[in-house]
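The values are calculated or read from the model by the stated rules, or taken from the named source; none is laboratory data. Fair warning: this is a prediction, and the values are worked out from it, not measured in the lab. With ideal geometry, Cβ positions are generated from the backbone for all residues, glycine too; neighbour counts draw on all protein chains shown. With ligands, DNA and RNA removed, areas are computed over all heavy atoms of the protein, side chains included. Shrake-Rupley method; radii C 1.70, N 1.55, O 1.52, S 1.80 Å.
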Amino acid sequence: MASRQPFTDTDTADEAVRATCDDATVCKRFATSKGYWKDPYIQYFVRSVGERKAPEINRGYYARVQGVNRLLDAFLKKTQCDCQIINLGAGLDTTFWRLKDDNLMPRKFFEVDFPTIVARKIHYIKTKPPLSKPIIETHSTDSLLLDAHSLDSDRYCIIGADLRNISDMEEKLKKFQLNTDSGGPRTAAYLLPTLVLTECVLVYMSPSQSSGLIRWAAETFHTAMFINYEQVNMYDRFGQVMIENLQRRQCTLAGVETCQSLELQKERFLRSGWEHANALDMIAVYSMLPQEDVGRIERLEFLDELELLQQLLQHYSISWASKEKLSLGIIWLF
Ligand SMILES: C[S@@+](CC[C@H](N)C(=O)[O-])C[C@H]1O[C@@H](n2cnc3c(N)ncnc32)[C@H](O)[C@@H]1O
């Protein structure tokens, strides 16, 4: 009989990181139930609306989702959807279904997360027809793979892998037809523009692990964009409280060093093979979102202390980087 591996500190730490996937989904579920934005699919991943969240949390999630979606949609429009998207640490994210409904599907949408998260996501997909139907509809042959650990269809692929083990992740992605620069002699036209997305993910890895991932993306895709959403300005009292709160749940922000400033967020890309990089805190992003819709969501719930929202938004950022051999003009998207 195979002996059981002892339970280690790393297991506990990884388990705490995996638990953040539910935090994100539960908060998004609550905000959508209040009408901050529409997501008809998230209910299949978290059935109940759950405990009330404070209005500033809901507004923060609104800014996060709208900000990331704006960049993502702009990339899809620029490339006329002739591209691929890789969502690293995707958790129970529902973007694939949104893009299908919005007629903005890339050639293929890849997701990576820890195998246990992926197994859960696939279970929901298998058992909920509103999730599985769009995948079947966008698949043309009879070769659809849907087992306990991976999903592969013509347009959507989910794999279980540890983002800190890049070669294993790359090997799995290539098995499912990830289009890369290193796949032998190909014409430039064959190489698809690629968008890599990390939403609240890199902060859970050490700076050297995340820069390895950022460099891998720069070296693997010749026309590409990277979007990263995560903490910033973490070296003040508010940041310290955030760190301590997570620490209480055994969850370490191993990459918090890089979340010191917008400058560092940009630099990490420029130092790892990307040609252009930008970073904005979420106060700036919030102010750049369509103000009519911002007005609408601000009327949904009364916010007592505006300062709380400001503090929260000041501690998150979106950074994005690009490199391009084919000139797509994807440098300034906001
Ligand atoms: C805060 S959640 C965010 C989920 C999703 N990106 C979203 O914004 O809704 C972080 C996700 O990253 C995943 N993750 C973190 N480190 C990882 C690693 N080393 N390998 C694979 N997945 C990882 C977690 O399992 C979790 O699903």
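Stick to Cα atoms and the Kirkwood definition of Rh, then tell me Rg/Rh for the range 103-206. It would help to have the intermediate numbers written out before the result.
Details: Rg = 14.5 Å, Rh = 15.0 Å.
Looking at the range 103-206, the ratio lands at 0.97.
So, how do all the Cα-to-Cα distances of the range 16-332 break down into 10 Å bins, in percent, from 0 on up?
6, 27, 37, 24, 6, 0
Starting from the Cα of ASP168, move 7 Å in the Cα-to-Cβ direction to define the label point; list residues of the range 67-106 whose amide nitrogen is under 16 Å from there.
89
Could you give the C-alpha radius of gyration of the range 189-334 expressed as a fraction of 2.2 N^0.38 Å, taking N as the number of residues it contains? Don't skip to the end; give the middle numbers.
Details: Rg = 16.8 Å, N = 146, 2.2 N^0.38 = 14.6 Å.
Taking the Cα Rg and dividing by 2.2 N^0.38 Å, one obtains 1.15.
Over the range 16-332, what relative contact order in percent results from Cα pairs under 8 Å that are six or more residues apart? Walk me through the numbers on the way to the answer.
Numbers: 526 pairs, mean separation 60.2, N = 317.
RCO, the range 16-332: 19 percent.
Using a 1.4 angstrom probe on the protein heavy atoms only, could you order ARG18, ARG59 from most to least accessible area? Present the calculation step by step, with values, prior to reporting the outcome.
Details: ARG18 40, ARG59 10 Å².
Greatest to least solvent exposure: ARG18, ARG59.
Show ARG29, ARG120 ordered by accessible area, largest first, where the area counts protein heavy atoms only and the probe is 1.4 Å. Intermediate values should be presented prior to the final figure.
Numbers: ARG29 35, ARG120 80 Å².
Largest accessible area first, the residues go ARG120, ARG29.
Averaged per residue, what accessible surface does the chain expose to a 1.4 Å probe, in Å²?
Values: 15580 Å² over 334 residues.
Accessible area per residue: 47 Å².
For the range 15-113, just list the percent of Cα-Cα distances falling in each 10 Å bin from zero outward, please.
With 10 Å bins starting at 0, P(r) equals 14, 46, 32, 7, 0.
All other residues with a Cβ under 15 Å from the Cβ of GLN291 taken together, and with Lys, Arg as +1 and Asp, Glu as -1, what is their net charge? Could you put the intermediate results ahead of the total?
Working: positive: ARG59, ARG70, ARG296, ARG299; negative: GLU292, ASP293, GLU298.
Net local charge, GLN291 excluded: +1.
Could you pull out the pairs from LYS34/LYS77; LYS100/LYS325; LYS38/LYS174; LYS38/LYS133; LYS53/LYS77; LYS53/LYS100 whose alpha carbons sit more than 25 Å apart here?
Numbers: LYS34/LYS77 29 Å; LYS100/LYS325 28 Å; LYS38/LYS174 33 Å; LYS38/LYS133 19 Å; LYS53/LYS77 34 Å; LYS53/LYS100 29 Å.
Among LYS34/LYS77; LYS100/LYS325; LYS38/LYS174; LYS38/LYS133; LYS53/LYS77; LYS53/LYS100, the Cα-Cα distance tops 25 Å for LYS34/LYS77; LYS100/LYS325; LYS38/LYS174; LYS53/LYS77; LYS53/LYS100.
How would GLU263, GLU301 line up by accessible area, probe 1.4 Å, largest first? List each step's numbers first, then the result.
On the way: GLU263 105, GLU301 20 Å².
So the residues, ranked largest to smallest area, are GLU263, GLU301.
Can you give the accessible area of VAL294 in Å² (nearest 10), computed on protein heavy atoms with a 1.4 Å probe?
Per-residue accessible area (VAL294): approximately 0 Å².
Just the number, please: carbon plus sulfur as a percent of the accessible area of the range 16-332, 1.4 Å probe, no ligands or DNA/RNA counted. Display every interim value, and only then the final one.
Numbers: 7100 of 13910 Å².
Answer for the range 16-332 is 51 percent, counting heavy atoms of protein chains only.
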